[in-house]
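Chemist: Questions regarding the structure given below will be posed in turn.
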Amino acid sequence: MKKTHNHIALEDVQSRYDQRNIPIDQVGVRGIRHPITLRDKHRTKQATVAEFTLAVDLPHNFKGTHMSRFVEILNAHGNELSAAMLPKMLTELRTRLHADCAHIKMSFPYFIEKLAPVTGAKGLMDYRVVFDATDRKGEIDFVMHVTVPVTTVCPCSKTISSRGAHNQRGEVRVSLRTSGEMLWIEDVIQLVESSASCELYSLLKRPDEKFVTEKAYDNPVFVEDLVRNVAVKLNSLPNITWYRIEVENHESIHNHSAYAIIEKSLT
């Protein structure tokens with residue numbers, strides 16, 4: 001016998017009036033993974049998986065927001081999202097959830113095939129990228145964050161030591177806004193890597209290891225040098241309106257890290 005379901009009118013509890021008179025800056029969902037497609041400078045496009053945060057502001061008089069609508073809007077755009085869809089998705093969030101502000105953050109690994117410097121051995125390097133977009137009453141703000149691992153050699157250690165110099169893994173996080181089209185992710189990575197003692201590779205044979213060790217030794221940089229090197233190069237780019245550079249060197253001879261930040265508005 002075929003089952004039937006009675007449609008019962010269910011109360012919309014989230015829309016109840018809230019008497020505490022406190023608005024919420026952001027409320028939504030976090031940690032949703034979804035496939036995305038990105039523009040790739042060398043291969044036209046690249047498929048990867050992003051972790052999403054979707055949120056809106058909530059006026060003081062509403063008890064809650066409708067969490068299911070965030071997931072509905074994300075899924076409505078198909079199995080492969082792209083950065084170009086973000087403005088439309090933000091508008092849908094604001095409209096469907098009756099909000100003044102909507103936020104979408106997507107964090108994902110971005111892969112670049114790199115050739116070892118001497119042998120040419122191929123390997124994939126992954127970099128952490130975040131797109132952070134906000135729609136505030138129709139005004140779109142978009143910030144791109146790119147995290148690049150590098151090698152740094154200490155200039156002081158090289159100067160005072162008769163044998164070798166201590167080196168460490170550095171991590172550079174560049175956040176930026178532009179007045180027009182965003183920079184290629186690949187160009188941001190290359191800009192950072194060229195500012196360090198040496199770049200990293202996923203695959204190195206012995207001749208490659210010799211090369212990168214000696215290259216790093218010949219190009220020592222303090223954390224202060226590294227953050228300034230990146231800033232000089234960003235200052236020369238015409239379409240950047242704001243940037244923040246964070247550098248952390250995970251020291252090999254200390255149990256702490258060295259850290260530096262430069263933030264600048266170029267408007």
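The values are calculated or read from the model by the stated rules, or taken from the named source; none is laboratory data. Predicted, not measured: the structure shown is a model, and the values here were computed from it. Because the Cβ atoms are built from the backbone with ideal geometry, glycine has one as well, and the counts that use them run over all protein chains shown.
Chemist: Considering only segment 95-117, state which residues are of a type in the set (D, E, K, R), surrounded by 15 or more Cβ atoms within 10 Å (Cβ to Cβ) and part of a strand (DSSP E or B).
Modeler: Just the residues of segment 95-117 that are of a type in the set (D, E, K, R), to begin with: 96, 100, 105, 113-114.
Restricting the remaining residues to those that are surrounded by 15 or more Cβ atoms within 10 Å (Cβ to Cβ) gives 96, 105, 114.
Passing the criteria: Lys105, Lys114.
Chemist: Follow-up question, since we're still on this one. What pairs come up if the first residue lies in segment 186-202 and is under 15 Å from Glu214 (Cα atoms), the second is among the polar types (S, T, N, Q), and their beta carbons are under 6 Å apart, counting only those six or more places apart or on different chains?
Modeler: Ala196/Thr152; Ser197/Thr151; Ser197/Thr152; Ser197/Asn219; Cys198/Thr151
Chemist: Any chance segment 86-94 includes a residue that's assigned to a helix (DSSP H, G or I), at pLDDT 90 or above and of a type in the set (S, T, N, Q)?
Modeler: Looking only at segment 86-94, we keep the residues that are assigned to a helix (DSSP H, G or I), and these are 86-94.
Of the ones still in play, those that are also at pLDDT 90 or above are 86-94.
Still in the running and of a type in the set (S, T, N, Q): 91.
There is at least one residue in segment 86-94 that is assigned to a helix (DSSP H, G or I), at pLDDT 90 or above and of a type in the set (S, T, N, Q).
Chemist: For residues that are part of a loop (DSSP other than H, G, I, E, B) and either surrounded by 20 or more Cβ atoms within 10 Å (Cβ to Cβ) or among the hydroxyl-bearing types (Ser, Thr, Tyr) (or both), scanning just segment 188-219, find the one that is farthest from the chain's Cα centre (by Cα).
Modeler: Residues of segment 188-219 that are part of a loop (DSSP other than H, G, I, E, B), as a first pass: 194-197, 200-205, 219.
This time we only want the ones that are either surrounded by 20 or more Cβ atoms within 10 Å (Cβ to Cβ) or among the hydroxyl-bearing types (Ser, Thr, Tyr) (or both), so: 194-197, 201-202.
Numbers: Ser194: 19, Ser195: 19, Ala196: 20, Ser197: 23, Tyr201: 20, Ser202: 20 Å.
Taking the candidates together, the pick is Ser197.
Chemist: Please name all residue pairs, on different chains or six or more residues apart, with Cβ atoms under 6 Å, provided the first residue is in segment 73-87 and is surrounded by fewer than 12 Cβ atoms within 10 Å (Cβ to Cβ) and the second residue is assigned to a strand (DSSP E or B).
Modeler: Between residues of segment 73-87 that are surrounded by fewer than 12 Cβ atoms within 10 Å (Cβ to Cβ) and residues that are assigned to a strand (DSSP E or B), the close pairs are Asn79/Pro35.
Chemist: For Ile253, are the conditions met, namely being under 22 Å from Glu181 (Cβ atoms) and of a type in the set (Val, Ile, Thr)?
Modeler: On the way: under 22 Å from Glu181 (Cβ atoms): no; of a type in the set (Val, Ile, Thr): yes.
No; evaluated as a whole, the condition is false for this residue.
Chemist: May I pose another question? Tell me, which residue of segment 241-266 that is in contact (Cβ under 8 Å) with a residue 40 or more places away in the chain and among the hydroxyl-bearing types (Ser, Thr, Tyr) is surrounded by the most Cβ atoms within 10 Å (Cβ to Cβ)?
Modeler: Tyr243
Chemist: Could I ask something else about it? Within segment 149-181, which residues are modelled with pLDDT under 95, among the small types (Gly, Ala, Ser) and touching a strand residue (DSSP E or B) at 6+ places or on another chain (Cβ under 7 Å)?
Modeler: Within segment 149-181, Ala165, Ser179 meet the criteria.
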